[in-house]
Ligand code: PFF
């Protein structure tokens, strides 16, 4: 085993850098195109209340668990479990995280590639000169080469940032890109909520409809919270290993969760009022797939005064949000190859991105040449999406809280999050109680239910 001594490890250089990187991972396609639709279709304000409760009572404790595992071990997700629980099978949880990273990145990079195509279509003017947006998306996604080329471009951009390292790559880029993202979202939100008819959309979004809430809604809220916070696969264990020893981990976790949730809500304020103002398609009929962003929004932009500018800004910010997420997933695999197999960062980045791209090609081709190929009734894209987000992430989060609550134990955990007793907070003990008892039961229910309910997250 080629573990690198902690003194030589690259690390985040500033507190803002940690938040930018972790929030960059959390804020992604899940916030901008999934959250608004899932919320409006599942009871609006009622879903929001459930979602926020899960973020606070489950999401933050799991995030804190991951950060504390990584920072304590100073290693990648796999190596962290091996170091903290030697001679036990716990390292398999780390290994599950590496596999989940492969699965997520392969389909996520496909969608991320679409955002580049749409950005180029918006800039060239083609997008707003189209009449049939469903056909436009179908023409593009069933093409064999274009989606693949964009996916490779996206993987290449991801690899460049990861190759540059933690301080000079991930931290530097997210520190620039995250504020840009927030400003751009702010601009689009202001435009969207000032459109005629926007009030209807805002009402639809926030007024609680408790009749829409059932067991599946509860499970969806928890699943969406986990996916959105990037918890359950070791991304935050890996990032945690780069966090300085004096960082206040509970505060950082809360700030990241707050940023992620605010951006999810702002994304809804950006998308839903605009659809109410301009779209002829009813929100209830939209599917939580590519539909909203790639088929409905372009029509909204076309109908909107100044729409071309907003289309360019929107697809640019979608690509940026996706990029700051994909780098965090690739880093999970790169850190593993580097520290466990002794590769240089360059070699690890090339091997990880090329092998993930091979799986990614299969995901993308499931819209064209492999569209007839199904496993368990799903094409490869849907299978990777379903297996990773619904099953692997939730089981990952379950194993992580059980590990911290029952294996790492109270004193080690409190020692880590209090910076060896320097930070005193009653919240620390409460969080540990949640991690040990409440989170395993709550996540356990979703993890098992996820095996049976299709299309959960
Ligand atoms: N949190 C990202 C999103 O909401 O789009 C997706 C994601 C990134 C999930 C990284 C998991 C992960 F490790």
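The values are calculated or read from the model by the stated rules, or taken from the named source; none is laboratory data. What you are looking at is a predicted structure, and each value in this text was computed from that prediction instead of being measured. Every residue, glycine as well, gets a Cβ built from its backbone with ideal geometry; the counts of neighbours run over all protein chains shown.
Before moving on, here are some points about what is shown:
- If you go through region 131-164 and pick out every residue that is surrounded by 15 or more Cβ atoms within 10 Å (Cβ to Cβ) and over 25 Å from residue 363 (Cβ atoms), you end up with 1.
- Selection of region 197-220 for residues being part of a loop (DSSP other than H, G, I, E, B) and more than 15 Å from residue 265 (Cα to Cα) yields 197, 209, 213, 214.
Condition check ((1) in contact (Cβ under 8 Å) with a residue 40 or more places away in the chain; (2) closer than 29 Å to residue 167 by Cα; (3) away from the ligand (no atom under 13 Å from the Cβ)) across all residues:
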| site | (1), (2), (3) |
| --- | --- |
| 329 | yes, yes, no |
| 349 | yes, yes, yes |
| 353 | yes, yes, yes |
| 392 | yes, no, no |
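- Residue within region 96-117 that is more than 13 Å from the ligand (Cβ to nearest atom), farther than 26 Å from residue 232 by Cα and without any contact (Cβ under 8 Å) to a residue 12 or more places away in the chain present: no
- Against the test of being in a loop (DSSP other than H, G, I, E, B), over 22 Å from the mean Cα position of the chain (by Cα) and closer than 19 Å to residue 368 by Cα, the options 131, 143, 139 yield a single qualifying residue, 143.
- Here residue 123 passes the criteria (1) over 23 Å from residue 305 (Cα atoms); (2) over 26 Å from the mean Cα position of the chain (by Cα) except the one numbered (1).
- Single residue of 98, 58, 49 found to be touching a strand residue (DSSP E or B) at 6+ places or on another chain (Cβ under 8 Å) and part of a helix (DSSP H, G or I): 49
- Of all residue pairs spaced 6 or more apart or on separate chains, those with beta-carbon atoms under 7 Å, a first member in region 40-61 that is on the phi > 0 side of the Ramachandran plot and a second member that is in a helix (DSSP H, G or I) are 43/210; 43/212; 43/217; 44/204; 44/205; 44/206.
- Residue in region 362-374 that is part of a helix (DSSP H, G or I) and in contact with a strand residue (DSSP E or B) (Cβ under 7 Å, 6 or more places away or on another chain) present: no
- Of all residues in region 290-308, those satisfying the criterion of being surrounded by fewer than 19 Cβ atoms within 10 Å (Cβ to Cβ) and part of a helix (DSSP H, G or I) are 291, 302, 303, 308.
- Of the residues making up region 317-327, just one is near the ligand (Cβ under 9 Å from one of its atoms) and under 10 Å from residue 162 (Cα atoms), namely 326.
- Residue within region 248-258 that is modelled with pLDDT of 95 or more, surrounded by fewer than 24 Cβ atoms within 10 Å (Cβ to Cβ), within 27 Å of residue 195 (Cβ to Cβ) and within 16 Å of the ligand (Cβ to nearest atom) present: no
- Looking only at region 220-245, and only at residues there that are under 18 Å from residue 391 (Cα atoms) and away from the ligand (no atom under 11 Å from the Cβ), the one that is modelled with the highest pLDDT: 221
- Being under 14 Å from the mean Cα position of the chain (by Cα) and either farther than 17 Å from residue 339 by Cα or crowded, with 24+ Cβ neighbours inside 10 Å (or both) holds for only one residue in 103, 110, 77, 46, and it is 103.
- Which listed residue is in a helix (DSSP H, G or I), under 26 Å from residue 119 (Cβ atoms) and in contact with a helix residue (DSSP H, G or I) (Cβ under 7 Å, 6 or more places away or on another chain), from 348, 311: 311
- For residue 364: the one exception among (1) within 16 Å of the ligand (Cβ to nearest atom); (2) surrounded by 23 or more Cβ atoms within 10 Å (Cβ to Cβ): (1)
- Residue list for region 16-31, filter: within 14 Å of the ligand (Cβ to nearest atom), over 13 Å from residue 224 (Cβ atoms) and assigned to a helix (DSSP H, G or I): 21, 22, 23, 24, 25
- Options 264, 274: the member that is within 16 Å of the ligand (Cβ to nearest atom) and surrounded by 24 or more Cβ atoms within 10 Å (Cβ to Cβ): 264
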